[in-house]
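Presented below is the structure to which this report refers.
A short reminder: the numbers here are calculations on the coordinates, not readings from a lab. These numbers come from a predicted model, not from an experiment. Methodologically, a virtual Cβ is constructed for each residue, glycine included, from the backbone with ideal geometry; neighbour enumeration extends over all protein chains shown.
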Amino acid sequence: MSDFSCAQCGTCCRQSGFVYLTAGEAATIAGALIEDIYEFNRKYCDLLDRQKLVLKKHPDETCVFLKETKCEIYSVRPQQCRDFPIKWKTERSAEYCAGPKKSN
Ligand code: SF4
Ligand code: SF4
C-alpha cells in the first residue's frame with residue numbers, strides 16, 4: 001500500500017466535503033504562512049457546527065489552498081490530506097484518483 005504515487009493532479013482538492021484540521025495543524029500552517037493564528041483562522045478556516053475547524057472552500061468546492069493543480073501548503077498540509085487515498089477514500093475517489101498501485 002506504500003507504493004502509491006500521487007500524480008499531483010489536484011482533483012481530490014476539488015471535491016465536495018471538508019478538510020478538517022486540528023488546532024495544532026492550524027498553528028503549523030499559520031506559522032508556515034507567517035500569519036497570526038487568529039488572522040489565519042479568519043482568512044482560511046470555517047467552523048462547522050461551531051466546533052470543527054475546516055479549511056475554507058471556493059464556491060466551486062475547490063480548497064482555498066489549491067492553485068492550478070498544486071497545494072500551496074503542501075509541506076504542512078493537514079493529516080487528512082496526507083492520508084488520502086491510502087488510509088481513507090470515498091466511494092467516488094476511484095473514479096478520479098488512480099489510488100494505490102504497484103510500482104514498476
Ligand atoms: S486525486 Fe489522487 S493522484 Fe490526484 S492529487 Fe489527489 S491523491 Fe494525487
Ligand atoms: S490543503 Fe492542499 S492537499 Fe489539502 S485539500 Fe487543500 S490544496 Fe489539497
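Quick rundown of the values:
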quantity: Signed unit charges on C-beta, dipole axis of segment 2-104, positive-most listed residue T62, Q15, A98; calculated: A98
quantity: Spacing of the two label points (7 Å from each Cα toward its C-beta) at C6 and T22, in nm; calculated: 1.9 nm
quantity: Net length gained if the chain between K43 and K56 were fully extended (0.36 nm per residue, minus Cα distance); calculated: 3.9 nm
quantity: Which of C71, A30, P85, positive extreme of dipole for the chain (C-beta unit charges); calculated: P85
quantity: Cα shape, segment 11-96, gyration tensor, a/c 1.5 rule; calculated: prolate
quantity: Cβ-based net charge around I34, under 14 Å, with every Lys or Arg adding one and every Asp or Glu removing one; calculated: -3
quantity: Neighbour-count order for L47, L55, fewest beta carbons within 10 angstrom listed first; calculated: L47, L55
